[in-house]
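The structure under discussion appears below in the form of structure tokens.
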Amino acid sequence: MESRKIILFIVEGIHDKTSLSICLSELLEGASVHFVLTHGDITSRYGTNASNISERIGGIVKNFSGSIFKPKDFYEVVHIIDTDGAFISEEHIKKETKVEEGAPHTKYESEEILTPDPQNIKERNEQKSDVIERMLSIEKVWRTIPYHVYYFSSNMDHVLHNNPNLTREEKERLAEEFENRFYKKPGEFAKLFQEDNLAVKGDYEETWEFIKLDCNSLKRYSNFGIYLQEREQ
């Protein structure tokens, strides 16, 4: 790895950064590790589509860089996203009118999504899956910077804490606990993503084909271990 070039991780929110930043900085000590937040799911955001997602990702990197960094200063851009059940068929999206106070309105189960507004989720999934397909074909952003996207399914909370339906308060508490658990233990952090019940077998393309099948995008999987293995080598 070229000395001190930037590895930029794009994540959805602050709890993602809290959970990952310290261990990744330790594992990738030969690089300058940075995080940028999209403040929500860019793949399902209003106005995002398969035609403009490459430009939007490039814009995120440029905004991070400002007038300080140039494309030559980057080693790579790594985008981490939640699958959110994006690839399931519509019959697995069910109407749910009873929502507990303080709980997320949309609930993710291993075989279905329960929501007060099934049509909205169906439309979201159509957009999200189309956008992800395009993201998988992007090789470089901002002209020359290598780019890859990895998934946490059905979301990062599911992978790290085995619960895809956390409240905001639970997210904050568990992210801090996770950070403390693996502080100064980057090797143990990396091993987490190699566990048989979590890691998806195969190469980069094969792990993406796997998560698109059946209800896999609702189950607890991640292909981030592939990235960590490659960097260790």
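Numbers below:
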read-out: Nearest-ten-degree value, helix 118-135 long axis tilted from longest Cα axis of the chain; value: 20 degrees
read-out: Listed residues T43, T167, T18, most fluctuating in the chain (Gaussian network, C-alpha, under 10 Å); value: T167
read-out: Residues L136, L213 arranged by fewest to most Cβ contacts within 10 Å; value: L213, L136
read-out: Proximal charge balance of K62 [Cβ under 15 Å; K/R count +1, D/E count -1]; value: +3
read-out: Spin-label model distance (nm) - N63 vs I14, 7 Å beyond Cα toward Cβ; value: 1.7 nm
read-out: The chain - share of DSSP beta bridges that are antiparallel (%, nearest 5); value: 20 percent
read-out: Mean residue ellipticity (222 nm) of the chain, computed from DSSP H runs ≥ 4 via -39,500 (n - 2.57), nearest 500; value: -12000 deg cm²/dmol
read-out: Residue among K184, K128, K72 with the largest mean-square fluctuation in a Gaussian network model of the chain, springs linking Cα atoms under 10 Å; value: K72
read-out: Cα long-axis angle, helix 168-182 against the chain (0 to 90 degrees, to the nearest 10); value: 40 degrees
read-out: Amide hydrogen neighbours beyond the local backbone of F9, cut-off 5 Å, H modeled; value: H34, F35, V36, V78
read-out: Cross-link pairs beyond the 29 Å C-alpha cut-off, checked among K17/K140; K140/K201; K107/K185; K62/K191; K107/K184; value: K107/K185; K62/K191; K107/K184
read-out: Order of Y147, Y227, Y183, Y108 - criterion: other Cβ atoms within 10 Å of each residue's Cβ, fewest first; value: Y183, Y227, Y147, Y108
read-out: For region 26-99, average projected area of the Cα convex hull in nm²; value: 8.4 nm²
read-out: Which label in (i) 41; (ii) 48; (iii) 44 gives the computed percent of Cα pairs over 24 Å apart; value: (iii)
read-out: Using distinct alpha-carbon pairs, which all enter the 1/r mean, Kirkwood radius of region 111-157 in Å; value: 12.9 Å
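Computed from the coordinates by the stated procedures, all read-outs in this text should not be read as laboratory data. Being a predicted model, the structure only gives us computed values, none of them experimental. Quick reminder, even Gly has a Cβ in these numbers, built from the backbone with ideal geometry, and neighbours come from all protein chains shown.
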